[in-house]
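Q: Okay, here's the structure, questions in a sec.
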Amino acid sequence: MEDMSNLLASTGIATLFVDQQLHILCFTPAIIPSIKLTPSDIGQPLGSIVSSLGQYDCLEEDIQTVLDTRVPHELELQATSDVWYLLRITPYRILNNTIEGAAITFVDITERKRLEGHYYECDERLHAIVEQTIAGIAQVDVMGHYLFVNDQYCKFLGYARKELLRLS
């Protein structure tokens, strides 16, 4: 069991385990920035712990849903203005495959979200360039259905954008 504790601690992934009644079983050291936990919180109800998960206030309800349905739950949440997590809640099974509780992981995806924002900024600039060019530009899928057409392409064919996209 000590090997498992060392493995969990060394991953750097914020992980929290709760039992069927949503009492804290254990957690990795990485959980501390996300949810304010101390070793004395083990055995305490999760609801009595103050967390810093931004607007996300349904952690207990989502855990209970996973426990009831046995279906894992995943979502992206913004904990602070500059910190994002991928939250995963999965049933916590013991050796005989019975559900002991739930495992909750918080993977920091802040850098990915920052890059996505940069991508969307670039995408918007590219879209503006494509719309302002004098060349007709269209994007089609493998079946030949229009996914995008710019104004010049529409003028060249003599169709409105909605008409061309409807031809799909």
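Q: Within the set of pairs 6+ apart or on separate chains, which have a first residue in region 1-20 that is polar (S, T, N, Q), a second that is at pLDDT 75 or above and surrounded by 11 or more Cβ atoms within 10 Å (Cβ to Cβ), and C-beta atoms under 6 Å apart?
A: As it stands, the answer is Thr15/Thr28; Thr15/Thr105; Gln20/Gly101, since those pairs meet every condition given.
Q: Go through (1) open to solvent by 60 Å² or more (accessible area, probe 1.4 Å); (2) in contact with a helix residue (DSSP H, G or I) (Cβ under 8 Å, 6 or more places away or on another chain) and name the single condition Ala160 misses.
A: (1)
Q: Would you pick out the residues in region 104-135 that are over 30 Å from the mean Cα position of the chain (by Cα) and either open to solvent by less than 50 Å² (accessible area, probe 1.4 Å) or modelled with pLDDT of 90 or more (or both)?
A: Once the filter is applied, which keeps residues that are over 30 Å from the mean Cα position of the chain (by Cα) and either open to solvent by less than 50 Å² (accessible area, probe 1.4 Å) or modelled with pLDDT of 90 or more (or both), region 104-135 yields Val130, Glu131, Thr133, Ala135.
Q: Related question: I'd like to check something: does region 120-141 contain any residue that is among the small types (Gly, Ala, Ser), farther than 30 Å from Ile35 by Cβ and not in a loop (DSSP other than H, G, I, E, B)?
A: Yes, region 120-141 has at least one match.
Q: For region 136-168, give me the residue count where each residue is at pLDDT below 80 and of a type in the set (A, V, I, L, M, F, W, C).
A: Qualifying residue count for the region: 1.
Q: Checking the conditions here, which among Gln78, Gln55 is at pLDDT below 90, over 20 Å from Thr11 (Cβ atoms) and in contact with a helix residue (DSSP H, G or I) (Cβ under 9 Å, 6 or more places away or on another chain)?
A: One residue alone meets the criteria, Gln78.
The values are calculated or read from the model by the stated rules, or taken from the named source; none is laboratory data. For clarity, every value in this text was computed on a predicted model and none was experimentally measured. So basically every Cβ, Gly included, is an ideal-geometry build from the backbone, and we count neighbours across all protein chains shown. Please note that ligands, DNA and RNA were not included when accessible areas were found on the heavy atoms of the full protein model with its side chains. Shrake-Rupley method; radii C 1.70, N 1.55, O 1.52, S 1.80 Å.
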